[in-house]
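Notes follow once the structure below has been shown.
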Amino acid sequence: MKMGKHGSEVVADYSKDKKRMDGRKGMDELRPIKIKVGVIPNADGSAYLEWGQNKVYAAVYGPREALPKHSQNPYKSVIKVSYRMATFSVPERKQPRPNRRDSEISKVLGEALQKAVFVENFPNTEISVFVEVVDANAGSRVACLTAASCALADAGIPMRDLVAATGTGKAFNEIVLDLNKDEEDAPDAVDIPLGILPQTGEIVLLQMDGVITKEEFNKALQMGIKGCKDIYKIQKSALKAKYELEELKLDSAKKAIKEEGPSQAGEEKAAKPEKAEKAEKTTKKEDKAKKVKK
Amino acid sequence: MSKKVVVPGDLVSAERKRLGSNVFVSDGKVYSKVLGISDDEGEVASVVALEGKYNPQVQDTIVGVVGRVVFAGYGININSYTESFMPKSSFREELKVGDIIVATINYVNELKEADLEYAKKMYGGEIIEVTPVRTPRLIGKNGSMLELIRRGTGTEIIIGKNGRVWTRGGNIPLLKKVVKFIEENSYKSNLTNTIEAFFGVLPPEAGAAKDKKGTTEESEVMDQAQENEESDRFNTTEGE
């Protein structure tokens, strides 16, 4: 199964095969995605995302005063994204120093998010987004963008829409959605990270690596947009899941007392200065005393 | 189901309506700007935010902390994007870093810098931090929740719209837990009744309480925007 980008060995041909290398049945099938929101208590907003083998954390701080001061813009908020990969996220140890790729991805993610956020509402401020890749397996930048937009929503930052992103492209003679590492290493691989605002269909991130015809590109783009819309649904349900307990709490009183009651019951009584309360207490005590006597 | 959780970009109303808070219009339809709760009934299309930072607004009562002392006055941290400045002449005495003040916002400029007035130094007490967008629920309709927790815990309370609750005396550990509970459950209905039942200040009548739930509580979450204005008068009342 081993092969490099320039290896002569072709191990798969998706135009004939029915299955993809990781067992996915369809060429337009996404890897399984799991999103959890609000995982970092100290951040204003946060999200954890698992996308196939990718594992990504996103944390949002702000809007807060932009520092250094010369980075402030009196007309809008500046979104500062920091994309980093953990040293253990890839098979070969990644040097922890941010490299060219890290800064490039930070830049494009920031620009993509800028289109979604109402930046003009927060003059002179910055919104810091930290995305950390803990495990990488192709498509980590789209995973980060997806997670970052969930974290922004979790921080309560006003946005036009969430940003949904997915990888799309070509591998083994076929247009495929959401390439994994094996597919990305195919000899004819083309990787197209794509991010959109699903409500309007605006494209906020589009990069490409490889050689592809116009027809193939259009097909890949359509496939990618469809994939993004599926991801959008997952993002929405992840955000809503935090507030699922929306129904009327009829036995909420009991619940509340259970949550807070036992440890504070004594304190609460002690806190009440009203004489009536004290009177009640004393009568109760007397009652008890009487009972004991009896 | 009229109330629902919306995420940014979710449709709030397909018709033309008066615009409330946290919404924007695109192609004649009203969409949500934030993660929050929307109600599709009523005249106004608005969303009550569930998360978010403090956005200074004129007439807000805020709890500030002196963060900086300069020759002419004080830089006051109001938990917003920028600090506010107050001249020394607005106080009867010299303040030092860390002093707590309660003030009202009288002007906010286009950079969201707030001017304060009616500042008053608070002696002693401590501050409980809460999510700013959830403070209306701590005040309740016409200050009902504030009244409840004040009587229940015997503390003096001032609720700052900027997500700071100043408190002194009484049972502060209990208050902290109650405030946390209210904050965490702010988006659920029937909250005031729950707290009322918890404190037991009024004898809980099962039948009467149930009847009330439907009528008085239902609209509470959605009325927060209006409450903001109404409850201003009440949120500075202190315990006797």
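Using only the alpha carbon atoms of region B:64-182, find the Kirkwood hydrodynamic radius as the inverse mean reciprocal pair distance, in angstroms to one decimal.
15.1
Using protein heavy atoms only (no ligands, DNA or RNA), what is the total accessible area buried between A and B, 1.4 Å probe, nearest 100 Å²?
4000
So if we plug the beta-carbon distance of B:GLU110 and B:GLU184 into 1/(1 + (r/R0)^6) with R0 = 35 Å, what FRET efficiency do we get, rounded to 0.05?
Working from the Cβ atoms, E equals 0.50.
5 Å is the cut-off here: which amide hydrogens, built 1.01 Å from N in the peptide plane, fall below it relative to B:SER189, excluding neighbours closer than 5 in sequence?
When sequence neighbours closer than 5 places are left aside, the close amide H contacts are A:LYS249.
Quick one: if the Förster radius is 22 Å, what FRET efficiency do A:TYR75 and A:GLU111 give, using the C-beta to C-beta distance and rounding to 0.05?
0.85
Can you list the residues in region B:1-16 whose accessible area drops by at least 30 Å² when all protein chains are present, compared with the chain alone? Use a 1.4 Å probe, heavy atoms only.
B:VAL5, B:VAL7, B:PRO8, B:GLY9, B:ASP10
Quantify how strongly other chains surround peptide B:173-185 by giving the mean number of their Cβ atoms within 10 Å of each of its Cβ atoms.
Shielding by partners across B:173-185 averages 3.
Heavy-atom accessible area per residue, region A:63-156, 1.4 Å probe: how many Å²?
42
Hand me the tally of lysine pairs in region B:44-149: alpha carbons under 17 angstrom apart, and the pair either on different chains or 8 or more positions apart.
For region B:44-149, qualifying lysine pairs total 6.
With viscosity set to 0.890 mPa s and temperature to 25 °C, compute the Stokes-Einstein D of region A:113-224, Rh being the Kirkwood radius across alpha carbon pairs; µm²/s, no decimals.
Once the numbers are plugged in, D ends up at 163 µm²/s.
Assuming 0.36 nm per residue, please report the length gained on full extension of the stretch A:ILE203 to A:ASP102 beyond their Cα-Cα distance.
That pair, A:ILE203 and A:ASP102, stretches by 34.2 nm at full extension.
Listed highest first by mean packing, meaning other Cβ atoms within 10 Å per residue, what order do B:178-187, A:71-80 come in?
Final packing ranking: B:178-187, A:71-80.
R0 = 56 Å: FRET efficiency of B:GLU41 with B:ARG92, Cβ-based, nearest 0.05?
Here the calculated transfer efficiency is 0.65.
Lysine pairs, Cα distance under 22 Å, 8 or more residues apart or cross-chain: how many in region A:30-85?
Lysine pair count for region A:30-85: 4.
On full extension of the chain, what length is gained from A:ASP22 through A:SER237, given 0.36 nm per residue of separation minus the C-alpha to C-alpha distance?
74.8 nm
Which length gain, in nm to one decimal place, applies between A:LYS34 and A:GLU92 when the Cα-Cα distance is subtracted from 0.36 nm times their residue separation?
The span from A:LYS34 to A:GLU92 would gain 18.3 nm if fully extended.
The values are calculated or read from the model by the stated rules, or taken from the named source; none is laboratory data. All values derive from a computational prediction rather than experimental measurement. Neighbour counts are summed over all protein chains in view; Cβ atoms, including those assigned to glycine, are modelled from backbone coordinates with ideal geometry. Ligands, DNA and RNA are stripped out before the accessible areas are found, and what is left, the full protein with its side chains, is counted by its heavy atoms. Shrake-Rupley method; radii C 1.70, N 1.55, O 1.52, S 1.80 Å.
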